[in-house]
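Nothing in this text is a laboratory measurement; each read-out follows from the coordinates by a stated rule. All of these numbers come straight from a predicted model, not from anything done at the bench. Note: ideal-geometry Cβ built from the backbone for every residue, glycine included; neighbour counts use all protein chains shown.
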Amino acid sequence: MRWLRRALAGFLTLSLLAYLGLVIVAYLPYEEVPRSELVRAGDQFTSVHGISVRYRRYGDPASQPLVLLHGFANSLQTWRHFAPAAAKRFHVITLDMPGYGLSDKPAEFDYRNPAQGRFVADFIEQLALTDVVAGGHSLGGAVVVHTALASRRVTGVLLFNPGILSTGVPSATQHLFFPLPRLAARQFGNRRFREQFLKTSYVDPTIITEQVMDDVMAGTRMQGYLHGTSVLMAQYEEGAELPLLGQLTKPTLIIWGAADRNKPLAESEDLHRRIPNSRLIVIDNVGHYVHEEAPQAAVEALIDAKAWLGGGSPTANASQVRPRR
């Protein structure tokens, strides 16, 4: 038994040393710069509940508003092609949710989807927008469900490969313990890791240029990133939208990239069935970032559904497959 006690003591000692090593790595210096050094042309800011939010506007303010939310670890840069194209028919507003991009990253904040959805509803109220189509990609699509249910100003919903039925994120991430959330935040602040991670989500990875990476990584350089994102990572959970889908009776357009490696096409059909007043448009030969790989086809699908999304008469569920453009 003595050898067993020694082996156990050795194992516990090594485990403790490994854990202390993780803590040390988590708290190594991390360079951050003031937000003012990262702001670019077109960026605007407003304060919602004391939190500074970055947003951009495209198109005629007299047109119907289209508010767009990015996915996890991304920012409003993801709409760089889609927003200008959609601005021919909509007043497009893109924003960085709290904790992302150049918006504030407070340590005392509820970053879970329901709270983010209510926050976006308040952002819409702050800008005095009415008859809004609220859209979101991936995580942003899940958040938009909460926004649509919380805001009477939202008349229609637009979902791009939303992280509702599944997210593609390992379930273990919902149970991160100290210091793993901080280590995860550091990992997503690593440019090489982010570039390799992103490229696996595209059929055409050449879309990820150096300029795109500069824009993606801007938020990870901002003061407050590491602390705020550590809190965000620790709060990650999924599944809050599933019981709400039957309540989402507002017209909902689902645009799905058929070649999403982490979210099978069958998921889009399941989501379409669960949302009572929905239409499904599948675009061939594009991956998770359907709005980046096929912005023109996605905009055309949106314009075709514009009157319906504006609060038009309910329609029977319909689905359609379209080629990439």
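At what distance in angstrom do the alpha carbon centres of the stretch 6-38 and the stretch 126-154 lie from each other? Each part reduced to its Cα centre gives a spacing of 39 Å.
Set Lys and Arg Cβ to +1 and Asp and Glu Cβ to -1, take the dipole of the stretch 35-322 about its Cα centre, and tell me which of Thr220, Pro264, Ala73 lies farthest positive. The listed residue farthest towards the positive side: Thr220. Note on the chain: with charges restricted to the Cβ of Lys and Arg (+1) and Asp and Glu (-1), its dipole about the Cα centre is near 520 debye. For the stretch 209-258, chymotrypsin sites (Phe, Trp or Tyr not before Pro) meeting the loop criterion (DSSP other than H, G, I, E, B) and having at most 14 other Cβ atoms within 10 Å: none. Among the trypsin sites (Lys or Arg not before Pro) in the stretch 1-60, those placed in a DSSP loop whose Cβ has at most 13 other Cβ atoms within 10 Å are Arg40. With the charge dipole of the chain set up from +1 on Lys and Arg Cβ and -1 on Asp and Glu Cβ about the Cα centre, the Cα lying farthest toward the positive end among the listed residues Leu198, Ile281, Gly141 is that of Leu198. When each of the peptides 58-66, 282-290 is scored by how many other beta carbons lie within 10 Å of its residues on average, the order from highest to lowest is 282-290, 58-66. Note on Lys306: lysines with a C-alpha under 25 Å away, same-chain residues under 8 apart excluded, are Lys88, Lys250. Which one, (i) 25, 44, 25, 5, 0; (ii) 29, 48, 13, 10, 1; (iii) 32, 55, 11, 2, 0, gives P(r) over Cα pairs in 20 Å bins from 0, in percent as derived from the coordinates shown? Among (i) 25, 44, 25, 5, 0; (ii) 29, 48, 13, 10, 1; (iii) 32, 55, 11, 2, 0, the one derived from this structure is (iii).
Please find, in a Gaussian network model of the chain (springs between Cα atoms separated by less than 10 Å), the residue of Ala301, Ala41, Ala259 whose mean-square fluctuation is greatest. Per the Cα network of the chain with a 10 Å cutoff, Ala41 tops the list. Quick test of the membrane-span-like rule: which DSSP H helices of the chain reach at least 27 Å along their long axis (C-alpha atoms) with mean Kyte hydropathy at least -0.5? Qualifying helices, which must be both long enough and hydrophobic enough, are 2-26. Considering only beta bridges that DSSP places wholly inside the stretch 35-322, some 20 percent are antiparallel. In a DSSP loop and with at most 14 other Cβ atoms within 10 Å, the trypsin sites (Lys or Arg not before Pro) in the stretch 118-217 are Arg152.
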